[in-house]
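What follows is a short report on a single structure.
The numbers here are math on the coordinates, done by the rules we state, and not lab data. Quick caveat: nothing in here was measured; it's all calculated off a predicted structure. Cβ: placed from backbone, ideal geometry, glycine included. Neighbour counts: every protein chain shown.
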Amino acid sequence: MANTASAKKAVRKIERRTAVNRSRRSQMRTYVRKVEEAIASGDASAAQAALHAAEPLVMRASQKGIIHKNTASRKISRLTVRVKALAK
C-alpha cells in the first residue's frame, strides 16, 4: 500500500489513466470488429466505410501508447488488404 502522499497521488493518477486507456482500447477493438464483421458479411462498401472509421482510432491508440506503432500499422495493413480483396 502507498505510504507517502506522492505515492497515494500516483495511485490515483494511475487509476484515472487506466480507465481512459481501457476505454480507448475498447473503442478501438469495437471499430476493428465492425470492419471484420463487414468483411465476413461480404459487403465491400460497408467494409470500406468501417475501415475508414477504424483507421484513425487505431493510429490514435498507438499515439497514446495503448498499442505499439508497428502493431497499429500491421492491423491497418492487414484489414486494408482484406477489404481490397473483397472489392474485387
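For this structure, a couple of remarks:
- Whole-Hz couplings from phi, Karplus 6.51/-1.76/1.60, listed for the range 26-36; x for Gly and Pro: 5, 4, 4, 5, 4, 5, 5, 5, 4, 5, 5
- Non-local Lys pairs in the chain, i.e. 8 or more apart or on different chains, that have alpha carbons under 21 Å apart: 7
- Most mobile of E15, E36, E55 in a GNM of the chain (Cα contacts under 10 Å): E15
- Assuming charge only on the beta carbon of Lys and Arg (+1) and of Asp and Glu (-1), the dipole of the range 5-87 about its Cα centre is about 740 debye to the nearest 20.
- When the inverse distances between all different Cα atoms of the range 5-87 are averaged and flipped, the Kirkwood radius reads 13.8 angstrom.
- Rounded to the nearest Hz, the phi-derived 3J(HN,Hα) couplings of the range 7-23 under the Karplus curve 6.51 cos²θ - 1.76 cosθ + 1.60 (θ = phi - 60°) are 5, 5, 5, 4, 4, 5, 5, 4, 4, 5, 5, 4, 5, 5, 5, 5, 5, where x marks glycine and proline.
- Computed 3J(HN,Hα) for the range 54-65, one whole-Hz value per residue from the Karplus formula 6.51 cos²θ - 1.76 cosθ + 1.60 where θ = phi - 60°, is 7, 4, x, 5, 5, 5, 5, 4, 6, 5, 7, x, glycine and proline marked x.
- Label-point gap, in nm, between V11 and T80 - each point 7 angstrom along Cα→Cβ: 4.5 nm
- The mean sequence distance of close C-alpha pairs (under 8 Å, at least 6 residues apart), as a share of the length of the chain, puts its relative contact order at 27 percent.
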